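To keep things clear, I will list the structure first and then write my remarks on it.
The values are calculated or read from the model by the stated rules, or taken from the named source; none is laboratory data. It should be emphasised that the depicted structure is a prediction, and the values quoted were computed from it without experimental measurement. Cβ atoms come from the backbone with ideal geometry, glycine included; neighbour counts cover every protein chain shown. Keep in mind that these areas ignore ligands, DNA and RNA; they rest on the heavy atoms of the full protein, side chains included. Shrake-Rupley method; radii C 1.70, N 1.55, O 1.52, S 1.80 Å.
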Amino acid sequence: MSDNRDVFNDETLAKPGKRVILVNGIPASGKSSLAVELSAKTGWLQLSLDGIKNPFLQRLEGVDRAFNRKLGQASYQVIWSIIADAPQGSTFIVDAWFGFQPKEVLTEYLTQAGITQVLEIWCQVSPATAAARYEARLGERLPGHLGAEYIPELKVLAKKAQPMELGPVYYSDQEIPVDINAIKLWAEDVMK
């Protein structure tokens, strides 16, 4: 367990409400790497859509796009159920492409989970970079994830995707090295 987990002390847990940092961006935008690194720096628990969905993809065969979406929706619900059961004062980092669901679904989950403060880190990425990253990891993805046929759609998505803007937003340019210390300081400052 990380030495940074001591942020979950009695004083922190005594604070009312729960906080969530949405690490948002299209597939292959760098959000998972950023979320893991931020969790390691802060000790805040990180939950990811793929982290919940992938064990099912390892055991289920013949997963098509429609069923993959259903698994994604169920995984999304699991994330918010975990957060709803967490104690007051908890802070979570949630790594997902939040644009795959209507914004109203997210706001309802935030309410049901007892979230009182929302921050968002928007992972900005160009269509070309998203496509190159997606293509590079095709051989590492579990069956059931979309394949190379998704790349043209991903490029279009990269041009129009936007953050959820349900709270303060940090724009992280994924075309340059991520300054995780700057992101950590921003989050801590906003949550004061």
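Probing with 1.4 Å while keeping every protein chain in the model, the per residue accessible area of the chain equals 52 Å². The string of couplings for the stretch 113-124 from the Karplus curve (6.51, -1.76, 1.60, θ = phi - 60°) is 7, x, 6, 10, 9, 10, 10, 9, 10, 9, 8, 7 Hz, one whole number per residue in order, with x for Gly and Pro.
I need the peptides 22-34, 156-168, 86-98, 123-135 ranked by packing, meaning the mean over residues of other C-beta atoms within 10 angstrom, with the highest value on top.
22-34, 86-98, 123-135, 156-168
Helix 49-59 axis versus longest C-alpha principal axis of the chain: approximately 50°, rounded to the nearest ten. The angle between the Cα long axis of helix 180-190 and the longest principal axis of the Cα atoms of the chain comes to about 50 degrees, rounded to the nearest 10. Amide H contacts of Tyr170: Glu120, Ile121, Trp122, each under 5 Å away and 5 or more positions distant or on a separate chain (H built 1.01 Å from N in the peptide plane; Pro and chain starts excluded). Dividing the mean sequence gap of close Cα pairs (under 8 Å, 6+ apart) by how many residues the stretch 102-163 holds gives a relative contact order of 41 percent. The relative contact order of the chain, computed from alpha carbon pairs under 8 Å that lie at least 6 residues apart in sequence, is 33 percent. A cut-off of 5 Å between modelled amide H atoms, ignoring neighbours fewer than 5 places along the same chain, links Ser48 with Asp95.
Place a point 7 Å from the Cα of Glu140 along the Cα-to-Cβ direction; which residues of the stretch 61-97 have their backbone N under 18 Å from it? Under cut-off, by backbone N: 95-97. Placing a label point 7 Å from the Cα of Tyr171 along the Cα-to-Cβ direction, the residues of the stretch 98-139 whose backbone N falls under 12 Å from that point are 122-125. Of the accessible area of the chain, computed with a 1.4 Å probe over protein heavy atoms only, carbon and sulfur atoms account for 53 percent.
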